[in-house]
Amino acid sequence: MSEQGNIVNDIGEKLGFTPRILETLNELDSEFVKKYKHCHNKILTDGAIPAKYKILMALAVVASKQCEACTVSQMKSALKNGATKDEIMETLEVISITSGAPAVSACRDALKLLKD
């Protein structure tokens with residue numbers, strides 16, 4: 001398998017799903033996928049900050065940008081990496097305080113994943 005294919009597979013394993021954008025990018029320009037290796041190495045891997053907390057930070061950032069599809073992806077990743085309902089709900093409180101109701105609203109589909 002190519003380096004790019006390994007990157008896509010590794011990210012898919014860490015997230016618990018493979019983002020469609022990675023599959024599409026790999027088909028269109030496999031060299032571009034190498035840029036996602038940084039994501040894999042820094043966000044999805046434990047360091048001084050455990051991956052789960054970095055993913056919750058990412059959830060807050062994408063919510064503040066009001067990217068609904070991004071919040072779903074980050075929520076899936078957070079759950080796969082062991083975030084609890086309480087941790088996620090506390091993150092939602094931070095989102096509400098720092099970014100307001102529109103950012104919380106961007107999480108509506110992501111929050112449905114907590115019901116599953």
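Results, tabulated for the structure shown:
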quantity	calculated
Over the chain: helical MRE at 222 nm, DSSP H runs n ≥ 4 each giving -39500 (n - 2.57), nearest 500	-21000 deg cm²/dmol
For the chain, cysteines whose Cβ has no other cysteine Cβ within reach (under 4.7 Å)	C39, C107
Unit Cα scatterers, Debye sum, the chain: log10 I(q)/I(0) for q = 0.18, 0.21, 0.24 Å⁻¹	-0.90, -1.12, -1.31
Hits among lysines - C-alpha to C-alpha of K35 under 25 Å, sequence gap 8 or more where chains match	K14, K52, K54, K65, K76, K80
Distance (nanometres) between label positions extended 7 Å along Cα→Cβ at H38 and A69	2.2 nm
Whole-Å distance, taken between Cα centres, linking segment 88-108 and segment 49-84	12 Å
Spatially proximal aspartates and glutamates relative to K42 (Cα-Cα < 18 Å; intrachain offsets below 8 disregarded)	E3, D10, E13
Within segment 38-54: backbone nitrogen closer than 19 Å to the E3 label point (7 Å, Cα to C-beta)	38-43
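All of the numbers you see were taken from the coordinates with simple rules; none came from a lab. Since the model is a prediction, treat every value here as computed from it, not as a measurement. Backbone-built Cβ (ideal geometry, glycine too); neighbour counts: all protein chains shown.
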